[in-house]
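What follows is a single structure, and I will ask about it in a moment.
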Amino acid sequence: MEHDGVREGAHGWERLAPGVARRRLPGWDATVGAIAGGTGLMVVDTGSSLREGVEIRCEVTALFGREPVETGSHAVTHIALTHPHFDHILGTAAFSGVQVYGAVGLDDMLARERDEVRWDAVRHGVDAEEAAEAVDLLVRPQHTVSGEVAVDLGGGRRVLLANVGPGHTAYDLAVLVPGGDGPAVVFCGDLVEESGEPQAGPDALPHAWPAALDRLLSLGGEDALYVPGHGAVVDAEFVRRQRDALAERFGAS
């Protein structure tokens, strides 16, 4: 059954608003999002391997009842990468011919640090051959975002990509789907985590993280649904509490 463009219950996808859905992937509980417009279909993050990327591609195409443009193609037209960690980017090569967006500098970082991405994936349990294959085919963004960029998906749906970092990494991109018939939805990447404490690895900029969450809250507002990189959907008050906890934890204002 279709409901506001989303086939309910398909493959564990959760409907957030008309034409907007997310799934919590197995393994690391990473979020993947999907946003449908009249002609375009955007995926937010792509999973931890090519195999996972293929699953996401097939599920999203079926989820919105979209037909591929031509034989051998798929319906996804755009990808937004919220940050460069393996569990959010290594499925990107499964989507041929799409327009890929990331925060400014992400393209150069992925060219420089391919080996680090591969080793991080293996260290966290990705099969070594799968990790090597995904990194060999690693897709860098063709479009980098400094400030904000609007992407027109057709049918009156415009999605706003906002470089709200640094924080969790130096390349944190948020995705805002403005509210229409439903609430606004903000895909936060790992700037926000619900299923555990926010992870500040060696590439985090913890002193800047609270300010990134301030920008995130300004972007979405009080009534938005905030979709964390890991865990259940939260509200603005949760994001504000996490912001304050990070400020206290790292001595940032």
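The values are calculated or read from the model by the stated rules, or taken from the named source; none is laboratory data. Just so you know, these numbers come straight off a predicted model, no measurement behind them. Neighbour counts run over all protein chains shown; Cβ positions are idealised from the backbone, glycine included. Surface areas here come from the heavy atoms of the whole protein model, side chains and all, with no ligands, DNA or RNA. Shrake-Rupley method; radii C 1.70, N 1.55, O 1.52, S 1.80 Å.
Could you give every pair whose Cβ atoms fall below 7 Å, whose first residue belongs to region 120-138 and is closer than 18 Å to Met109 by Cα, and whose second residue is in a helix (DSSP H, G or I) and open to solvent by 50 Å² or more (accessible area, probe 1.4 Å), counting only separations of at least 6 or pairs across chains?
Ala131/Arg118; Ala132/Arg118; Val135/Arg114; Val135/Arg118; Leu138/Arg114
Could you tell me which of the residues Ala128, Ala111, Ala132, Ala93 is among the aliphatic types (A, V, I, L, M) and within 18 Å of the chain's Cα centre (by Cα)?
Checking each option against the conditions leaves just Ala93.
Among Val126, Val100, which is modelled with pLDDT of 95 or more, open to solvent by less than 40 Å² (accessible area, probe 1.4 Å) and not in a strand (DSSP E or B)?
Val126
Quick test for you: out of Glu116, Glu52, pick the one residue that is among the charged types (D, E, K, R) and surrounded by fewer than 23 Cβ atoms within 10 Å (Cβ to Cβ).
Result: Glu116 is the single residue among Glu116, Glu52 that is among the charged types (D, E, K, R) and surrounded by fewer than 23 Cβ atoms within 10 Å (Cβ to Cβ).
In region 213-234, what residues are surrounded by 15 or more Cβ atoms within 10 Å (Cβ to Cβ), outside any helix (DSSP H, G or I) and without any contact (Cβ under 8 Å) to a residue 60 or more places away in the chain?
Ala224, Tyr226, Val234
Give the residue, chosen from Asp172, Asp214, Asp235, that is over 27 Å from Val100 (Cβ atoms) and within 18 Å of the chain's Cα centre (by Cα).
Asp235
Can you confirm whether region 139-152 contains a residue that is at pLDDT below 95, open to solvent by 60 Å² or more (accessible area, probe 1.4 Å) and polar (S, T, N, Q)?
No, because not a single residue in region 139-152 is at pLDDT below 95, open to solvent by 60 Å² or more (accessible area, probe 1.4 Å) and polar (S, T, N, Q).
Among the numbered criteria (1) under 20 Å from Trp28 (Cα atoms); (2) open to solvent by less than 10 Å² (accessible area, probe 1.4 Å), which single criterion is violated by Leu246?
Of everything listed in (1) under 20 Å from Trp28 (Cα atoms); (2) open to solvent by less than 10 Å² (accessible area, probe 1.4 Å), Leu246 misses just condition (1).
Test Leu161 against the stated conditions and say whether it is within 15 Å of the chain's Cα centre (by Cα), open to solvent by less than 20 Å² (accessible area, probe 1.4 Å) and among the hydrophobic types (A, V, I, L, M, F, W, C).
yes
Then there is this: Check Asp87, Asp108 and return the single one that is open to solvent by 60 Å² or more (accessible area, probe 1.4 Å), at pLDDT 95 or above and either assigned to a helix (DSSP H, G or I) or more than 18 Å from Gly167 (Cβ to Cβ) (or both).
Asp108
Mind listing whichever residues of region 196-212 are open to solvent by 20 Å² or more (accessible area, probe 1.4 Å), among the hydrophobic types (A, V, I, L, M, F, W, C) and not in a helix (DSSP H, G or I)?
Listed by number, the residues that qualify are Ala200, Leu205.
Here's a check for you: in region 175-195, which residue that is open to solvent by 40 Å² or more (accessible area, probe 1.4 Å) and under 15 Å from Phe238 (Cβ atoms) is farthest from the chain's Cα centre (by Cα)?
Pro183
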